[in-house]
Amino acid sequence: MKRLQAFKFQLRPNGQQERDMRRFAGACRFVFNRSLAFQNENHEAGNKYLSYAQMTAWLVEWKKEPETQWLKEAPSQPLQQALKDLERGYKNFFQK
């Protein structure tokens, strides 16, 4: 007989950790929305969607720009995951 077991975990961040998590989530939201705007412009121009590799090049450039240098403070993995999620969403949309 097979027995399934589950565990529940609850995060209890301190004040600084909570502020960092909110900042990281905001950075991911910014990257996702800005990339989505570029993807929409590209689609309206009649081009195929841009790949994850092309979008990561944007991310590198955004981190260099003076007005978006605050993206350097966030870990790169969540920002890259936001781009992967956008790419998967676009692929699913066009494949219906």
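The residue pairs whose first member lies in region 1-22 and is over 21 Å from Pro78 (Cα atoms), whose second member is of a type in the set (Lys, Arg) and part of a loop (DSSP other than H, G, I, E, B), and whose beta carbons are closer than 8 Å, counting only pairs six or more residues apart or on different chains, do not exist in this structure. Contact map, region 55-66: residues that are without any contact (Cβ under 8 Å) to a residue 12 or more places away in the chain paired with residues that are open to solvent by 40 Å² or more (accessible area, probe 1.4 Å), Cβ distance under 8 Å, separation 6+ or inter-chain. Pairs shown: Lys63/Gln69; Lys63/Lys72. Within region 72-95, the only residue that satisfies the criterion of being farther than 26 Å from Gln17 by Cα and among the acidic types (Asp, Glu) is Glu87.
Residues in region 1-32 that are surrounded by 10 or more Cβ atoms within 10 Å (Cβ to Cβ) and in a loop (DSSP other than H, G, I, E, B): Pro13 only. Screening region 58-91 for residues that are open to solvent by 90 Å² or more (accessible area, probe 1.4 Å) and over 10 Å from the mean Cα position of the chain (by Cα) and picking the one that is farthest from Arg34 (Cα to Cα) gives Glu73. Total residues in region 29-74 satisfying the condition of being of a type in the set (Phe, Trp, Tyr) and at pLDDT below 90: the figure is 1. Would you call Arg88 without any contact (Cβ under 8 Å) to a residue 24 or more places away in the chain and either out of contact with any strand residue (DSSP E or B) (no Cβ under 6 Å at 6 or more places or on another chain) or not in a helix (DSSP H, G or I) (or both)? Yes, satisfied.
The values are calculated or read from the model by the stated rules, or taken from the named source; none is laboratory data. Since this is a predicted model, take the numbers as computed values, not measurements. All Cβ positions, even for glycine, are placed from backbone atoms using ideal geometry, and neighbour counts span all protein chains on display. SASA here: full protein model, heavy atoms, side chains in, ligands and nucleic acids out. Shrake-Rupley method; radii C 1.70, N 1.55, O 1.52, S 1.80 Å.
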